[in-house]
Amino acid sequence: MCDGINTANFQREILQSEMPVLLDFFAPWCTPCRMLSAVLDDISEDYVGIIRVCRVNVDDEKELSDRYGINEIPTVIFFKNGRPTDRFTGFRSAEEIEAMITRI
């Protein structure tokens, strides 16, 4: 999982990524975020070379949160070819997330 996505590296790491990206907007104090993080860690290992799993700390990156309309956390946005293609808010199981990945 790639941590530390910020305004400075967002273009390169997310929008210019050759692979689809699952971008998790989270906060370290958020319990559902921590639960989802465990699921996303497993997914990032299972889908190496297929999808990149990255995270944005909303407390540190208000500009990115505002740009993508993040009002609740966790929120996950899927990017493909630099464009958001799907999103969800709240905890989801690995199976639900994997089903979304297959649609990308």
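The values are calculated or read from the model by the stated rules, or taken from the named source; none is laboratory data. Fair warning: this is a prediction, and the values are worked out from it, not measured in the lab. Using ideal geometry, Cβ is built from the backbone for each residue, glycine included, and neighbour counts are taken over all protein chains shown. For the accessible areas, the whole protein counts, side chains as well, though only heavy atoms, and no ligand, DNA or RNA atoms are used. Shrake-Rupley method; radii C 1.70, N 1.55, O 1.52, S 1.80 Å.
Structure notes:
- For the stretch 1-76, the spread of Cα positions along each principal axis, largest first, Å: 30, 27, 17
- The residues of the chain expose on average 54 square angstrom of accessible surface per residue, using a 1.4 Å probe on protein heavy atoms.
- Multiplying the residue separation of residue 62 and residue 7 by 0.36 nm and subtracting their alpha-carbon distance yields 18.9 nm.
- Lys, Arg +1 and Asp, Glu -1 on Cβ, resulting dipole of the stretch 2-104 about Cα centre, debye, nearest 20: 340
- Surface composition of the chain: carbon plus sulfur atoms contribute 46% of the solvent-accessible area (1.4 Å probe, protein chains only, all chains present).
- Gained length - residue 42 relative to residue 72, 0.36 nm times residue gap less alpha-carbon distance: 8.5 nm
- For the stretch 1-55, the set of chymotrypsin sites (Phe, Trp or Tyr not before Pro) satisfying both a DSSP loop assignment and a count of at most 11 other C-beta atoms within 10 Å is given as 29.
- With DNA, RNA and ligands ignored, accessible area of residue 87 (1.4 Å probe; Å², nearest 10): 110
- FRET E, pair residue 104, residue 31, Förster distance 35 Å, beta-carbon r, rounded to 0.05: 0.80
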